[in-house]
Structure formats: C-alpha cells, structure tokens
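Every number here is computed from the coordinates shown, using simple stated rules; none is lab data. Quantities reported herein were computed from a predicted structural model and do not represent experimental measurements. We place every Cβ from the backbone using ideal geometry, glycine too, and count neighbours over all the protein chains shown.
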Amino acid sequence: MTTLVILSLWTALAAFAASRALPEAASTAPQAAPFLGGGTPDTHAWSRYHFRPYTMTLVFVAFEMEMMFMYPWAVVFVSEGPKALAEMGMFLAILSVGLLYGWREGVFAWE
Amino acid sequence: MTLTIVLLGAAALIGIGLYGALSQQSFVMLMMGLELMLNGALLAAIGLWSLALGGMPEGQLLAIVVMAVMAVEMAVGFALVVAIYRKRQADMTESIGTLAG
Amino acid sequence: MTDLVIAALCLFAVWTGWRVFRVDSMVRASFSLMLSFVAVGAVGVVLSAPYIGIATIFMMAVEMMVMAIFMVMFMMNPAGLNPMVMVHQHRVAAVAGGLAFAGLAAAVLAADPPAARVATGTDTVAALGHELLGPSMLIFETAGVTLLATMVGAVILSSRRGRFGPADDGSRPPGLEPGGPPAGRQPEGGGGHHHHH
Amino acid sequence: MIGALLLLAVAATLAAGTLLAAWLDRRLAGGGGIASLAADWLAGPVRTEAPDDMNRRLAPAWYLALAAAGLCVVPFAPGHAAIDSPAGIAIWGACEALTVVVVFLHGWSPNAPFPLIGAYRYAAIGLPAMLPSMFVLIAAALPAESLSLVAIVDSQRGAWNVLRQPLGLPLFAVAILSLTLRGPMDYADGADIAGGTSAEEAGPARALWQAARLAMLVSACAMAATLFLGGPLGPVLPGPVWLWLKTAGMMAAILALGARIARPPPARMLGLVWTVLLPLSFLHLLISGVIAL
Amino acid sequence: MSHLARLAATAPAPVFAAIGPGLAPAVERLLARPGLRRAATPREAALLLVAGAIPDRAAGALDRVHDQVPHPRRTVRWDGTGDIERALLDARADLLGGGESAPDRRPDAPPAPWRGKGDHGQGGEGMMGGTPYGRPMAMTGADIRDGLQLDRYTARVGPFAPMLPPGLVLEVTLQGDVIVAVEVQAPAFDQPAEADAPDLVAARMLRLLGLPGAADRVAAGGRPRAAGLLRAVPPGLVPVGGRDARDRLAGCLAGRSQEIEPPDLAALLPGLEWAEAMLALASLPPSSLAQEALAA
C-alpha cells in the first residue's frame, strides 16, 4: 500500500508540474513544419512505419517471459541449492535453443 | 466485499474485451480485445488467490501462466499478421477469411 | 479504505480498457491498454501479491511497446489523423459484451466464495519460488518448451530470410550437385509461391 | 516520520544530483551544463504540426517520475528505503521497461520524421538492452535471497558485489547508458537524425526532458552503487553520505565512459546486444550462482 | 535581467549554421570554440548564423530554417571576415536582455488548404484520402528488402541539413529507416580545398558516431581519445575505388587526404539504413559531392 501511495504521488506530482511548466503552446505554420534542413516532406511523418527488426521483437517477447520465472527463482536459489541451478540451467538451455535458431536465421539484423 | 469489487472489475474488463474482439475489423485490434479479456482473467486470478484461497502458491503461478499465454498469443499472432501481410496486402479479418482457398 | 483504493484502481482499469477501442491513434490505444494492465498490477500490489503486481507492470510495458510497434505497422491511418470508424457488427458486439458482463456479474453476486485471505507476513515471493522449483516444476519447464516453440514459430512465420532465399519467392533448397535441380519435395502446382509452414 | 524523512531525502537527492550531473556533464562529456538548461528553459515553446499533444507534454513528466520512483527503492541507510518492498528490484525493472515506453512516446508525439526514426531506433535497441540489466538484477538478488534492495545491501556486509560478481557492473553500465540516452547506447538522439527524439523540442519542454535525463542518471547510478558498491555501507561517515559519494563517483564514470565510446549504427548494435551482451549475462548469472552457493 | 537570464547568459550561445559556398571549413572550426554551441536543429538554437552568400536556389530553404528557430531568435550574417564570435555573443546577450525577436519570413498558412472538406472535415474522401492539417497521408509502396509493402515517406532533405554537406539536397524515400530511393536535387556548394582536409572529414564522421568532443579535438589537430572508432563503422559500406567507409575513416585519422570521383548516390544509397548512409556520405570529401555532374 505504501509502495502504491508513494509511486502514485510521484507520478501525479510530475504530471502536475509538467502541466504547469508546459502550457498549451501555439506555433505559426512555418514554425510548426518538421525540420528537414530546409527541405519539405510530401506527407505526414506518422505512417505505417516499417520497423525493421520486427522478427527480433517477436523473439524478444517470448524470451522475455523467462524473467517472470527468474525473479522468484532468485529468492529461493540459495535455500534450494544445486537443484535450483540445474532447473534454471535447463530452462535457459531450452530457451537458448530458440535464440540460437533465431541467430542462425539472422533475425538479429535489420530486415 | 473487496473480492466482489475485484471480480466485478474483472467481469467488466472481460465484457469490454469481448466487445472489442467482436467489433474490430482489423486482426491486430482483435488481439487487443483478447489481451483485455486476459487482463480481466488476471485480475480475477489475483483477487481469488489473495482473498478467497488464502494465498495458495498455485494461484500466483496461474497469474504467471496467464501472462505467458499473452506473450505467446502476441508473438504468434503478430508473426501470422506479418506472414499474411507479406502474402496478400491484407490485414482485415474479412480478408483473412478469403485466404482459405 | 483498501476497498476504496481497489475500487478506484478497478474503475481506472475498466475506463482505460474502454478507451482502447475509442481512441483513433493506435499508439494511444496500445498505451491505454498498458495503463489498464498497470492498474491491475497495482491491485495485485495492494492485495499482498507485490511480485506478481509489479511483474505485470514490467511485462506489460514491454508487451504493449511491441504491440504499439506492430499496430502502427499494420493499421491504416495509424495515428488517427483522419477521423475513422473501424468497427463492424457493432450492435452484436456490444450486446455480446454486455451479456458477458451481466452474466459474469450475476455469477459474482450470486456466488458465495470462501473468504480466506493471505496470512499477513507471508513471504509470497519465496512461496512462489518454492512452488516453481518443487511441485510445479513440470509447469515451469513446460513453459520453457512452449516459449521455445513460440520463438521458433514466430521466426518461421515472420522472417523473410529463409536459408534458401526470400520466403515469398518460394523456398527452394540448393541442388544436390552443383547446378542440379532443387533437393527435396517439389512444390505442387509448380507455382513456387507456396509457404511451407 | 522516518518515511517522510526518506521521501524528502529522495526529492533532495534527485534535485541536487541533477544539478551535479549537469555540471559533471559539462566537465566530462561536453554537455550543456546548468546554464544551458536555464537557456533552454527561457526559449519559446514550439508546437509541431498536429502533434500528439498529451503525450508530448507528459513524456518528460513520466521520465522524471520514473527516475523518482527508481530512487525510492534505494536504501539511504542500512535497513531504510522509502519503499522497502519485497519486490524492490522488480520495481526498478518496471522503471526500466517504462523508460522505453516514455522515450518512444517522446519521439512519436511530434509527428516529425527525425524524432520518429529516433523513437523506433530506441525501441529496437532499448528493449533487448534491458535483458542484460535484468540478469544483473537477478544475480544481485541471489546472495541476498530476496528481491528487496535493503536485503541486497545487507548481503554485501562481507564483500561488495563488485568483487563477487565481476561482470555485473560493466553490464549494468550498458543499461545505465541506455536508460539515460548517453554515449554508445543513445539511439534516440543521433547526430545523423539532427538530435532524434529531441529534434523538434524547444523551450521549457526541451529543458525538462534534458533535466529528466540527468535525473534518471542520478537514479540509475544510485541503483548501481547499491547493487555493486554496498550502497550506504561504509566506515565513519553516515550511510546517506556514503551513498551520495558512491553515486557521484558512478555518475562521473558513466559520463566519462559515454563520451569515449563510438556508437555504431543501430543494426550493428542490435547484433552486438544479442550475440555478445546476452551470452555475457548468462555467464554472469552462472558465475554469481556458483559463488552464491 | 532576471536571475535565470543571467545564468543563461553564461551558457555557450546555441548557434544553428546555414552555410553557403566557400565558408564550410571556417564555420566548422568556428563552432568548435567553447563560447558557442553547435545546435543540431534550429529548435535547439537561438541564433541563426548565415555564412556566405546563399544562392537563390536555397533562399526558400533558408527562410524555412529561419522560421523554425524558436523565439526569441536572431539572424547573424557572416562573409568570412571580422570577429564573428563577438557578433554572435553580442546578439545572444541582446536577446537575453529582452531584445526583439525576428518575425517569421514565410506566410502563416498550412501546407495545403484542408478545413471543411470531406465527411469529417479532414480535407478529402475516405480513410487515407484526406489532407488533414494540410498534408496528405503516406501511401504504401514496394519494399526493396523484405517484401512488406508498408508506407513510404518521401521528403527533400537539405540544403542546410547538419548531417549532409551544405547545399546538397537529396529527395529521399524512406521505409522505416531504410532508404529505398534517392534523387540528387542539388549538389553541395563549392568549398575551398580545406573542406576536404582529412581532419575535418574525420571530425564529421566522429560526430555521427556520437563523439562530438572527440570530433572537436580532431578538428583542432588532436587525437580522438575514444574507443571502438573503426569497429563502429560497418565493413563494406559504400566502397569507392576499392576502399569502404571504414578504410576512409582510418585514412583520415592517419592524416591522408583522398581523391574520389563523384559517386552515383542514386545507385549507392538505396538499400542502406539512414545511419549508414549518412556515415558513408560523411566519409566522402565534400568536393566529390559538389560537382554539377551529381545533379544531372
């Protein structure tokens, strides 16, 4: 509960400060134009942006789940002893196969 | 009382998620609806674990499994979207229906 | 007091969840969903599941970041610069959603669940750790295999770079002898445009 | 009572630390310094074409809030942190993950090409760069048998983690550089994209964002000092003073480091993170685990 | 003057430089001085330094850059003579003391009229057909790398883009941050031979590698004092005459000047990521990008 109160306190404080420090601004059209070193764009910048390492991102989402298991594992690691090391070793070994596969397929580069 | 509030919140999340999953034309927005339903499931799991089941350890594990399901759903779902988009310039659910042939 | 806080968090989760389908910008939709998860995580923190609550927040921050990237990639008009309506069978969906909520709410109000709170002072993180390494070890390792399958599947489905060339050109393994016909099964129809997954 | 005192200490440390960081930045890394922050603050605001105004104004605020939240879990004296949660390092991990979101929003919101490219580059590198830091956090929790930072400090009474977990500090330094948008990990603000996510930012918004970057540096360096240098532990001087000294030392080291390592193009760095840093963090976890047993 | 303004006056003056023919090396060495700060974008600047006689073809671009500097702002012109640093610092002090800010030079109108047209007033028909806020939406097009047909972003970059040689205008089409098409619309301005000096070329590359301090040291004749310089440049990047960008950086750091034929940018750049492309361009001596042959 204290955690929650403190964290929301900071968040609310920061949001309030930002709304006071950064009031609604208005700019003329020439000032608002995006900076391109004097050049002009044809379209809005917001678009279906081609994020190149998308395959990496998907591998990352799956791999990152391992964190969920590792935090509680770390807490009981010493009391469970070598068994804990072995089990997490196996878990990470399984996931590493996926990483190795992805690496061989070249997913850690820009597509 | 607390449990009732939590479970009602979970029910509302599941209801909105269902609405979203059914009403959205786009496959990626449909996934948002699914995630929202899983969010409701997560909330219910946490509430039941903490307030009705006396903190049995399997309850927390259930919450983790729900999150793992979300990660898997997202990774596979978006991989499918990429594969289908590459094949046909389509990301609408209706268009995916015609891909069967 | 706790009830009030939890009610406020639940309302926030529901409201941000509702905003997901009401905003035009895909980035706002994704991060609105993230806020919904954050509120649920906060409920977890209040309900003596600090680890699960916080873990929900960091897992979902990452997942919704990825969600935003893909939403922007594949949605027309991703920033909602053009006002738009992206729903179909709106009425059916609304009725279904409403019915689901009504049914679940009725079940919640009618049911009489046991009331056994987490004992104060329990180390819930350690309990989870012991559970993972002990009775639920199989679930833990199965999750590993599932995630492995997900990683491999995601790579196969989404990557264009196959070992034998771009995926949408049809994958043809090299010949067994230099310059020979491709090894392995020939694609049916000879179009060379079949995925093999 | 002591809780209020600790919150006050967090706020004061953040404010004073940010000023110190600005000064060190000017000295060691050729940054703008305090006077430049003031100059930015006095310039007029600019509103780009059809921006996502809400997120544009909130991004610096959230960044600042994340820095403050991260600092709250750091113990200022042995046994005392503003947030003494049994999931302390997970809270810090959540701050790291949300930082990626905030930086992305900062680059997304102006609706302009260079900030957009910076935002996506940062997402591409910032997400996987989080993995080594998570391994480092988990490894630090092993000898403490707890996720609480108070326990992690206590576990270093015998020997600091910098000795027991030699790979930890370098790996965490990478995470700090990434979190504070500095040096080789600053993929949000490249010179080839005219300052990236900040390319369209002027006036108070720019000043606030730069200040938030420095505040995050304070917070991340305090975390590094807690994880590896024993935090408030030390002879003679009181705990908070030790923490401040170690944090200041870390800040100087990180700033000097960031100004001396070249930043490769993002695709090259992505390969580096997965094929070098991630295996290293596996190794780090193994070493730390074996030593802890 | 308020306390804050007095504090701000002690900061290096933030200058965005619009460089014309003949003055590039002089401005590059000028901005390395401690009293001035090189602004990467006009948003960061208070002063616009216009160096040399800007040709007519770049006049519109100069006005656009001028208007993007936030208020209060001032333009300082320089013909290569006189104490320019003094002039810049004086202008800065005047602005902080409440001096008048230069008004916009271009009319305050959206890029295209849009209000009121279409179902939602978005300036057109359909979900992608409008011109909301005066600009059309990006449209999809073929991709040269992975076959995902996502949106293309076409823009003209330059002639005052800080990552390009002054004067060079490229019309680039980006998908994500990969360049899929390039057209050279105008070559770089002619500069004295000093602009090709190896230390200045190396300094430009170091700045792109995220090492502004090392870049200033190299431009002042010192050693870079930084790690991983050569390894940060991807191997095989835009090879010209058998030497890639990494070789050229190594050569420049060793003080060797290079002679390079004008490269065919429209053929060399597509397929590169923006960061790589800018690094490759910076590794070429500006004179090789200045010939009229490029524009043809």
With +1 on the Cβ of every Lys and Arg and -1 on the Cβ of every Asp and Glu, the dipole magnitude of the protein assembly as shown about its Cα centre, in debye rounded to the nearest 20, is 1260 debye
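Across peptide E:170-181, what mean number of C-beta atoms from other chains lies inside 10 Å of a residue's C-beta? Please report the intermediate quantities before stating the final value.
Details: counts 2, 2, 3, 1, 7, 5, 16, 17, 5, 0, 1, 0.
For this peptide, the per-residue mean of nearby foreign Cβ atoms is 5.
For the stretch E:3-96, which semi-axes, largest first and in whole Å, follow from the square roots of 5 times the eigenvalues of its Cα gyration tensor?
On the way: eigenvalues 93, 48, 22 Å².
Here the semi-axes work out to 22, 16, 10 Å.
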Mean-square fluctuation maximum in Gaussian network of chain A, Cα pairs under 10 Å, restricted to A:Thr43, A:Thr28, A:Thr57, hits A:Thr28
The long-range amide H neighbours of D:Asp52, using H built 1.01 Å from N in the peptide plane and a cut-off of under 5 Å, are D:Asn111
Taking N as the number of residues in the stretch E:148-245, the ratio of its alpha carbon radius of gyration to 2.2 N^0.38 Å works out to 1.25
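For chain E, what's the relative contact order in percent, using C-alpha pairs closer than 8 Å and at least 6 residues apart? Show your work: numbers first, answer last.
Working: 543 pairs, mean separation 43.7, N = 296.
Normalised by residue count, the contact order of chain E is 15 percent.
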The ³J(HN,Hα) series, computed from each phi in the stretch C:13-29 with the Karplus coefficients 6.51, -1.76 and 1.60 at θ = phi - 60°, rounded to the nearest Hz and given as x for glycine or proline, is 4, 5, 4, 5, x, 5, 4, 3, 9, 10, 9, 7, 7, 5, 5, 5, 4
At q = 0.16 Å⁻¹, the log10 of I(q)/I(0) for the stretch D:193-285 from a Debye sum over equal Cα scatterers comes to -0.95
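Residue by residue through D:269-282, how many Cβ atoms from other chains fall within 10 Å of the Cβ on average? Provide the component values of the computation, followed by the final result.
Values: counts 2, 7, 6, 2, 2, 10, 3, 0, 0, 5, 2, 0, 0, 5.
Average per residue, whole number: 3.
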Two pseudo-spin positions, 7 Å from Cα along C-beta at C:Gln89 and at E:Ala267, lie apart in nanometres by 5.6 nm
The ³J(HN,Hα) series, computed from each phi in the stretch D:178-187 with the Karplus coefficients 6.51, -1.76 and 1.60 at θ = phi - 60°, rounded to the nearest Hz and given as x for glycine or proline, is 6, 5, 9, 6, 10, x, x, 9, 7, 8
When chain E is treated as a Gaussian network with springs between alpha carbons less than 10 Å apart, the largest mean-square fluctuation among E:Met278, E:Met137, E:Met163 is found at E:Met137
With bins of 10 Å, the percent of all Cα-Cα pairs of chain E per bin from 0 is 6, 24, 31, 24, 13, 3, 0
For the pair A:Leu9 and C:Thr122, the simple spin-label estimate (label points 7 Å beyond Cα toward Cβ) gives in nm 2.9 nm
In degrees rounded to 10, the 0-90 angle between helix A:82-104 Cα long axis and the longest Cα principal axis of chain A is 50 degrees
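In which sequence would D:Cys95, E:Cys252 go, from the one with the fewest C-beta neighbours within 10 Å to the one with the most?
E:Cys252, D:Cys95
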Dipole check, chain D, charges on Cβ (K,R +1; D,E -1), about Cα centroid: among D:Leu24, D:Val10, D:Val236 the Cα furthest to the positive pole belongs to D:Val236
Taking every alpha carbon pair in chain B and sorting the distances into 10 angstrom bins from 0 up to the bin holding the longest one, the percent per bin comes out as 16, 36, 27, 15, 6, 0
The answer for E:Ala181, listing residues at least 5 apart or on another chain whose modeled amide H is closer than 5 Å to its amide H, is E:Thr173
Taking placed amide H atoms and a strict 5 Å upper bound, the residues 5 or more places from E:Thr154 or on another chain that come that close are A:Asp42, A:Thr43, E:Leu174
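In square nanometres, what is the average projected area of the Cα convex hull of the stretch D:2-292?
Numbers: hull surface 57.1 nm².
Averaged projected hull area, Cα only: 14.3 nm².
Write down the percent of antiparallel bridges among all DSSP beta bridges whose residues are both part of chain E, to the nearest 5. Kindly include the intermediate steps, with their values, before the conclusion.
Values: 15 of 28 bridges.
Around 55 percent antiparallel, to the nearest 5.
Could the peptides E:267-277, E:53-63 be put in order, highest first, of the mean number of other beta-carbon atoms found within 10 Å of their residues? Mind showing how you got there, number by number?
Numbers: E:267-277: 20.8, E:53-63: 15.8.
Per-residue mean Cβ counts within 10 Å order the peptides as E:267-277, E:53-63.
Translational D (Stokes-Einstein, µm²/s) of the stretch A:19-104 at 20 °C and 1.002 mPa s when Rh comes from the Kirkwood sum over C-alpha pairs? Can you show the working numbers first?
On the way: Rh = 18.3 Å.
Answer from the Stokes-Einstein relation: 117 µm²/s.
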Taking Cα atoms only, helix A:2-21 is inclined relative to the longest principal axis of chain A by an angle, in degrees rounded to 10, of 20 degrees
Out of E:Ala87, E:Ala17, E:Ala39, a Gaussian network model of chain E with alpha-carbon springs under 10 Å gives the largest mean-square fluctuation to E:Ala87
The protein assembly as shown: Kirkwood hydrodynamic radius (Cα pairs, Å) comes out at 29.4 Å
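Most exposed first by the Cβ proxy, i.e. fewest other Cβ within 10 Å, how do E:Thr173, E:Thr41, C:Thr2 rank? Write out the running numbers ahead of the final one.
Values: E:Thr173 17, E:Thr41 26, C:Thr2 12.
Lowest to highest Cβ neighbour count: C:Thr2, E:Thr173, E:Thr41.
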Listed with the fewest Cβ neighbours within 10 Å leading, A:Lys83, B:Lys87 appear as A:Lys83, B:Lys87
In Å, the C-alpha Rg and Dmax of the stretch E:137-186 are 12.0, 34
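How crowded by other chains is A:14-24, given as the mean number of beta carbons from other chains within 10 Å of each beta carbon?
6
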Helix D:239-258 sits off the longest principal axis of the Cα atoms of chain D, rounded to the nearest 10 on a 0 to 90 degree scale, by 50 degrees
With label points set 7 Å from each Cα along the Cα-to-Cβ direction at E:Ala181 and A:Asp42, the distance between them in nm comes to 0.6 nm
